[in-house]
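The values are calculated or read from the model by the stated rules, or taken from the named source; none is laboratory data. None of these values were measured; they are calculated from a predicted model. Neighbour counts run over all protein chains shown; Cβ positions are idealised from the backbone, glycine included. The area values use the complete protein model at the heavy-atom level, side chains included, leaving out ligands, DNA and RNA. Shrake-Rupley method; radii C 1.70, N 1.55, O 1.52, S 1.80 Å.
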Amino acid sequence: MIAGNCLCGDVSFTVNGPLGRATACHCGQCRKQSGHHWASSSAAESDFIIVGPIKWYEASATAKRGFCPNCGSFLFWKAHDEDAISFSLGALTEPTGIRLESHIFVADKGDYYEIADGLPQHEKS
Ligand SMILES: [Zn+2]
């Protein structure tokens, strides 16, 4: 089981189940909301326990983004047509036991950095 929380601690969550890929997303929305690329993994919605007042922002017609309404920590991303929730790796209690696997949406990355860690890079997801 893994656990995480926002900066102020009002929102906490646990995940008890298999995790999806750990990726760094370079899309424009993730960069705007996180301040840089967004590192996340995912799990089935039914494997989450989320405690606290999460606020969901309808970022597009296809997905919403969850954050703490008190401190603003960006914690979750969820596509409307999937039963999985992506969660911020930076919010996790360490040791996480997780390693970043790849970069996604690198076609949309910012112009102020290079990706040089040798991990696979995907134009989209
Ligand atoms: Zn908070």
> Ordering THR62, THR23, THR96 from largest to smallest accessible area (1.4 angstrom probe), what's the sequence?
Replying inline: THR62, THR96, THR23
> How large is the dipole of the chain about the Cα centre if only Lys and Arg carry +1 and Asp and Glu carry -1, each at its Cβ, rounded to the nearest 20 debye?
Replying inline: 220
>> Largest first and in whole Å, what are the equivalent-ellipsoid semi-axes of the range 1-53 based on the Cα gyration tensor, each being the root of 5 times an eigenvalue?
In response: 21, 16, 8
> When the solvent-accessible surface of protein heavy atoms is calculated with a 1.4 angstrom probe, in what order do ARG31, ARG65 fall, highest first?
Replying inline: ARG31, ARG65
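Pairs of Cα atoms under 8 Å, at least six residues apart: use those to get the relative contact order of the range 3-54, whole percent. Walk me through the intermediate numbers first.
Working: 74 pairs, mean separation 22.0, N = 52.
So the answer I get is 42 percent.
Give me D for the chain in µm² s⁻¹, whole number, from Stokes-Einstein with Rh from the Kirkwood sum over alpha-carbon pairs, 37 °C and 0.692 mPa s. Walk me through the numbers on the way to the answer.
Numbers: Rh = 14.8 Å.
Stokes-Einstein gives a translational diffusion coefficient of 222 µm²/s.
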>> Just to verify a number: FRET efficiency for SER46 and THR96, C-beta to C-beta distance, R0 = 22 Å, to 0.05?
In response: 0.55
> What is the range 32-91 by shape, rounded, prolate or oblate, if you read a ≥ b ≥ c off the alpha carbon gyration tensor as root eigenvalues and call it rounded for a/c under 1.5, prolate for a/b larger than b/c, and oblate otherwise?
Replying inline: rounded
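Sort 46-59, 67-80 for me by packing, meaning the mean count of neighbouring Cβ atoms within 10 Å per residue, highest on top.
67-80, 46-59
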